[in-house]
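Just so it is clear, none of the values below were taken in a lab; they were calculated from the coordinates. Predicted model, so just to flag it, every value in this text is computed and none were measured. Using ideal geometry, Cβ is built from the backbone for each residue, glycine included, and neighbour counts are taken over all protein chains shown.
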């Protein structure tokens, strides 16, 4: 195993994930500066107390996540309580924290949507969705279309999570699908406007359940965390090979 400098890893990931092309809810890239040299890198969906503690326990030099610590909707926050329990151990142990939100959702190779689409067997993948001018998901088609309830069962196996289905007909074939993972429940309207048969995301509200099925769209919600586990793991495999680093992934029991 070898090592990489914090500066080089930061610059390479900035370029790879094209983070400057997104208007995001959070700063993408290095969020907490730690050691200058990184030999062991931990990965998780979110920078939680649990993932931080596990990072410290294995003496990692960096933690790379999809959901970081700083969000525009939180505003200024005091370093107290659970938030302090996330920040202080990283600082005290010199652990770098990198976070990539929308850029990791959207990436055509390592993105949450693209990795889930490939596991589903979707073909002819194209960018999908529009968040302030940037696509944050993918769309594709099935060679052999499953019916809606079959696709629900397949998603349940892949995600290892219960999958909600709002559908006008669970026995109707699904030819085309749009995917934006996580909390993009309202983007089902973009899938409908694009002429797609179905939309896959992480969350579904009460009114989305009614409105999507009444609009004639099959909408699947497989959990925010569950739909966003594969992208960060794909990025981990790439970084491990690219830099010959020791890597480890920390999953969490998150039903949401």
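Computed over the stretch 1-108, the quotient of the alpha carbon radius of gyration and 2.2 N^0.38 Å is 1.03.
Label-to-label distance for residue 58 and residue 18 is 3.0 nm, based on points extended 7 Å past Cα in the beta-carbon direction. Computed from Cα positions, the angle between helix 6-16 and the longest principal axis of the chain comes to roughly 20 degrees. Peptides 38-46, 69-77, 88-96, 187-195, ordered by how many other C-beta atoms sit within 10 Å of their residues on average, highest first, read 38-46, 187-195, 88-96, 69-77. The ellipsoid that matches the Cα gyration tensor of the stretch 210-256 has semi-axes, each √(5λ) in whole angstrom, of 34, 13, 4, with the longest given first. When both bridge partners sit in the chain, DSSP labels roughly 45% of those beta bridges antiparallel.
Each residue in 23, 134 was given a count of other beta-carbon atoms within 10 angstrom of its own, and listing them fewest first yields 23, 134.
To check you understand DSSP bridge types, tell me what percent of the beta bridges within the stretch 106-227 (both residues inside) are antiparallel, rounded to 5.
On the way: 13 of 20 bridges.
Rounded to the nearest five, the antiparallel share is 65 percent.
How big, in percent, is the set of alpha carbon pairs in the stretch 106-227 lying more than 26 Å apart? Result for the distance tail: 6 percent.
Could you work out the mean projected area of the convex hull around the alpha carbons of the stretch 34-88, in square nanometres to one decimal?
Working: hull surface 16.7 nm².
In nm², the orientation-averaged hull projection of the stretch 34-88 is 4.2.
If packing is taken as the average number of other Cβ atoms within 10 Å across a peptide's residues, how do 169-175, 244-250 rank, most packed first? It would help to have the intermediate numbers written out before the result.
On the way: 169-175: 14.3, 244-250: 17.4.
Result, highest mean Cβ count within 10 Å first: 244-250, 169-175.
If one computes the Cα centroid of the stretch 65-115 and of the stretch 1-38, what distance in Å separates the two points? The distance from the Cα centre of the stretch 65-115 to that of the stretch 1-38 comes to 12 Å.
Just checking the listed ones, 233, 31, 132: in the Gaussian network model of the chain with Cα springs under 10 Å, the one fluctuating most is 132.
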